[in-house]
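The values are calculated or read from the model by the stated rules, or taken from the named source; none is laboratory data. Everything quoted here is computed from the prediction, not taken from an experiment. We place every Cβ from the backbone using ideal geometry, glycine too, and count neighbours over all the protein chains shown.
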Amino acid sequence: MVEEFWKKLRGVDRWPQTEAEVTAVSRFEGRRNRKIAVVRFRYKDQAGSTYGGHVRVNDSSSLYHISTGDKTTVRYRPNHPDRYWSEERGVPVETSLLLIWAVAFAAMLAYVLTAFRR
């Protein structure tokens with residue numbers, strides 16, 4: 001739900017999709033013994049310019065088991081091709097929490113404003 005809202009809000013669903021080549025994968029244990037991988041990749045925009053990026057995923061992602069040289073897909077922002085989106089990564093946790101807090105604050109503010117109008 002949060003991811004779909006985020007994608008619509010940012011217009012990610014309208015960004016061009018392209019193939020990305022994995023250039024490096026680092027795996028390690030994170031907090032609470034969670035298995036983490038940082039997947040680095042490069043991709044080209046429609047003009048043929050090359051950009052690089054990375055995603056941090058846990059072991060439930062299909063990217064966790066990807067290898068150097070493998071392909072994946074990313075979307076990039078047309079007017080800023082260096083900004084990208086990976087379906088595997090989803091919405092950053094910090095952004096999800098911020099959106100939840102913003103909605104909760106808006107709901108409380110609406111309640112307070114309507115309560116004092118009576």
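Before moving on, here are some points about what is shown:
- Close pairs from the range 64-86: first under 14 Å from V22 (Cβ atoms) and without any contact (Cβ under 8 Å) to a residue 40 or more places away in the chain, partner assigned to a strand (DSSP E or B) and among the polar types (S, T, N, Q), Cβ under 7 Å, at least 6 apart: Y64/N58
- Qualifying positions in the range 69-115 - β-branched (V, I, T) and either in contact with a strand residue (DSSP E or B) (Cβ under 6 Å, 6 or more places away or on another chain) or modelled with pLDDT of 90 or more (or both): T72, T73, V74
- Flag if D45 is modelled with pLDDT of 95 or more, among the charged types (D, E, K, R) and in contact with a Pro (Cβ under 8 Å, 6 or more places away or on another chain): yes
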